[in-house]
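In what follows, a single structure is set out as structure tokens and then discussed.
The values are calculated or read from the model by the stated rules, or taken from the named source; none is laboratory data. Here the structure is a predicted model, which is why all the values come from computation and not from measurement. Side chains included, ligands, DNA and RNA excluded: accessible areas come from the protein's heavy atoms. Shrake-Rupley method; radii C 1.70, N 1.55, O 1.52, S 1.80 Å.
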Amino acid sequence: MVRFFILFIVILVSLFTVELTHPVQNAIVLPWTGLLARVSAAILVFFDGDVISYGKVLQHSISGVGVSIEAGCNGIEACLIFTAAVLAYPASWQMRMTGVGLGFVAVQAVNVLRIIVLFYLAGQSEAVFRFAHLYLWQALIMLDVLVVWLLWVRQVARHEARIEVASAQAA
């Protein structure tokens with residue numbers, strides 16, 4: 001457990017340090033944030049044809065109500081926390097890479113839902129929007145990270161148990 005915790009902290013600090021560099025911000029973070037705005041707008045267009053995106057902004061073209069997806073709201077930090085937990089956990093590299101990939105998809109899917117909900121709340125009530133943005137969705141995203149990681153750990157344990165049974169039967 002101590003080994004996991006130390007590795008988790010070292011990996012997490014390393015990932016956050018790399019993420020904050022200008023080259024990574026320009027090559028990955030900013031384009032990803034713009035893609036999130038476009039994906040969110042593409043989903044919202046099914047419900048309201050007046051939703052547009054430009055850069056990192058998601059906006060209703062008639063009412064002008066919108067949200068800007070800023071650092072910390074693009075799901076990257078949550079994915080880095082998840083990745084650090086997966087990489088620190090003792091598992092095969094194949095299981096780790098599968099976990100990182102599936103975890104990224106799970107965290108980003110919830111984050112797109114978060115962006116869409118916050119977009120609608122922005123036009124309704126500033127107080128409700130602020131509470132949902134600062135408290136509710138922060139907790140839900142971290143809960144998503146924890147639940148997906150725990151599900152992955154369970155799969156790792158099942159995989160290892162199958163390998164042990166196969167080894168025992170072969171011997």
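Summary table
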item: Accessible surface ranking that places the most exposed of Val117, Val10 first, with a 1.4 angstrom probe; result: Val10, Val117
item: Mean residue ellipticity (222 nm) of the chain, computed from DSSP H runs ≥ 4 via -39,500 (n - 2.57), nearest 500; result: -23000 deg cm²/dmol
item: Accessible area in square angstrom per residue, the chain, 1.4 angstrom probe; result: 58
item: For segment 2-58, the fraction of alpha-carbon pairs in successive 10 Å shells from zero, as %; result: 22, 29, 23, 19, 7, 0
item: Nearest-ten-degree value, helix 76-88 long axis tilted from longest Cα axis of the chain; result: 0
item: Semi-axes of the equivalent ellipsoid for segment 79-171, Cα gyration tensor, largest first, Å; result: 38, 10, 10
item: Phe47, Phe82, ranked by accessible area, largest first (probe 1.4 Å); result: Phe47, Phe82
item: Candidate residues Tyr54, Tyr135, Tyr89: accessible-area rank, largest first, probe 1.4 Å; result: Tyr135, Tyr54, Tyr89
item: Whole-number D in µm²/s for the chain (Stokes-Einstein; Kirkwood sum over Cα pairs; 20 °C, 1.002 mPa s); result: 120
item: Computed accessible area, Leu113, all protein chains, 1.4 angstrom probe, square angstrom; result: 90
